[in-house]
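Student: The structure under discussion is supplied below as structure tokens; questions concerning it will follow.
Just so you know, all these numbers are worked out from the coordinates, no wet-lab data involved. Worth saying up front: this structure is predicted, and the values here are computed from it rather than measured. As a convention, Cβ positions derive from the backbone with ideal geometry for all residues, glycine included, and neighbour counts pool all protein chains shown.
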Amino acid sequence: MDTLHKTAARGFASMDEDKQRHIARKGGQSVPNEKRSFSRDHALAASAGRKGGQNVPDEKRSFSKDRDLAVQAGRKGGKSSSIKNVD
């Protein structure tokens, strides 16, 4: 008996590995480094994140619903920044 499962010959997973790599490589090369604005301008990235957060209704903000979650996130951020500043 044939134990191999037949699947449809379509989609990314059904392509040979070389073709998958070729397509994936294009994604990584789509935006040149000099045009990646958020990695070059921290203030712009912060502003965009703030605008996105302001567009979420208060009742759907996870930290406003769960104070313990906010406390844990704050502690984690504080520990992370204190580790970086030890240098």
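Student: Report the one residue of Ser80, Leu69, Leu44 whose Cα lies farthest in the direction of the positive end of the charge dipole of segment 40-84 (charges on C-beta: Lys and Arg +1, Asp and Glu -1; origin at the Cα centre).
Tutor: Comparing the listed Cα positions along the dipole, Ser80 ranks first.
Student: If you don't mind, there's one more thing I want to ask. Could you compute Rg(Cα) / (2.2 N^0.38 Å) for segment 40-84, with N its residue count?
Tutor: 1.40
Student: In segment 40-84, how many lysine pairs have Cα atoms under 20 Å apart, counting only pairs 8 or more places apart or on different chains?
Tutor: 4
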